[in-house]
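Here's the structure we're looking at; comments come further down.
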């Protein structure tokens, strides 16, 4: 049974602000975005007012490309009401109640029944992170949620929290490493583990996913992770990958080519993709391929492509989120590359969606 304090917290997470308050926050968000891009008027006074109103404060890099979901109105929905008081000693029933809310507003069934609510989902995610820290924002939670089920997931979170309290990050990393060694023996039964195992047993590759948001912190336009890594970020069965493909605007591509030692090719192909310019940055442990002016299809079917959706993923790092097209759009994009591996990814993702729907019906 949920406690009174978690019932109150969930009510706050679900709360909707009054229209005039939302309008005020949205207006300040628009001002902050303009000030960050044009550096006029000064940004700090606007951020001070936003913080006083919402208790939230993002840095200049955030506002420069305004990573606020669908725009000022969506941002206002996310931060419109104060977050509930942080509870650092959540018990198992309280964690379960929060996970049920997270699934109710952001799971596959929410998509199917039109109950998906990105604002509540974001608030719930941030609240879980505040209460549980690395016991929540952890690969052992993200990757194993379907396998563990709700009760198993609660037990795993409690175990991770206990490890952190007793031995800090070293204890957590040792547990991840030992779990990876143990699960490696079961790889044939759970092939989706391979990418996580590779990263956990050789953790240096994690740095690449943290590096990408940093080098793009000054981007003037939106950017997206595409290809195999984007599929992995959406929970597709991971396969070992040698590179990350990043779609950027033309002006951001030129800025990157001036700052980074990337090998640039114009009007070129990369695997099954054609782009106006392609730049490979081989300095990181895992190569990063920047593309701009992307086209999909062949012959008469060839046309320019730019994603219409953009969602944030914390699967690899809570502190350095990556941005990808929404799951359905990514599947449509991959199906048009005419590459068998991308088609296989699409089939896997479709099978995952069908499986989740069957499990929820049962």
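Here are the numbers for the structure shown:
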item	result
Pair list, Cβ under 6 Å, 6 or more apart: region 58-86 residue closer than 18 Å to residue 18 by Cα, other residue assigned to a loop (DSSP other than H, G, I, E, B) and at pLDDT 80 or above	79/56; 80/17; 81/15; 81/17; 82/55
Residue tally, condition loosely packed, with under 13 Cβ neighbours inside 10 Å, on the phi < 0 side of the Ramachandran plot and free of Cβ contacts under 8 Å to residues at least 40 places away in the same chain, over region 295-305	5
Number of positions in region 134-157 that are in contact with a helix residue (DSSP H, G or I) (Cβ under 8 Å, 6 or more places away or on another chain) and surrounded by fewer than 16 Cβ atoms within 10 Å (Cβ to Cβ)	4
Index of the failed condition, residue 81 passing every other in (1) part of a helix (DSSP H, G or I); (2) at pLDDT 85 or above; (3) under 23 Å from the mean Cα position of the chain (by Cα); (4) buried (at least 19 other Cβ atoms within 10 Å of the Cβ)	(1)
Among residues of region 308-343, those that are assigned to a helix (DSSP H, G or I) and modelled with pLDDT of 85 or more, counted	11
Residues of region 98-142 satisfying the condition of being closer than 29 Å to residue 163 by Cα and not in a helix (DSSP H, G or I)	107, 136, 137, 138
Hey, residue 221 modelled with pLDDT of 85 or more, over 18 Å from residue 317 (Cα atoms) and in contact with a helix residue (DSSP H, G or I) (Cβ under 7 Å, 6 or more places away or on another chain) or not	yes
Test for residue 23: is it surrounded by fewer than 20 Cβ atoms within 10 Å (Cβ to Cβ), modelled with pLDDT of 90 or more and not in a loop (DSSP other than H, G, I, E, B)	yes
Enumeration of residues in region 231-273 that are part of a strand (DSSP E or B) and surrounded by 20 or more Cβ atoms within 10 Å (Cβ to Cβ)	244, 245, 246, 247, 273
Filter pass, residue 292 being within 24 Å of residue 213 (Cα to Cα), in contact with a helix residue (DSSP H, G or I) (Cβ under 7 Å, 6 or more places away or on another chain) and surrounded by fewer than 15 Cβ atoms within 10 Å (Cβ to Cβ)	no
Residue count, region 26-48 (criterion: more than 28 Å from the chain's Cα centre (by Cα) and part of a helix (DSSP H, G or I))	1
Whichever residue in region 31-47 is closer than 19 Å to residue 74 by Cβ and surrounded by fewer than 19 Cβ atoms within 10 Å (Cβ to Cβ) and, among such residues, is modelled with the lowest pLDDT	37
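The values are calculated or read from the model by the stated rules, or taken from the named source; none is laboratory data. What you see is a predicted model, and the numbers here were worked out from it, not measured in a lab. Ideal geometry is used to build each Cβ from the backbone, glycine not excepted, and the neighbour counts take in all protein chains shown.
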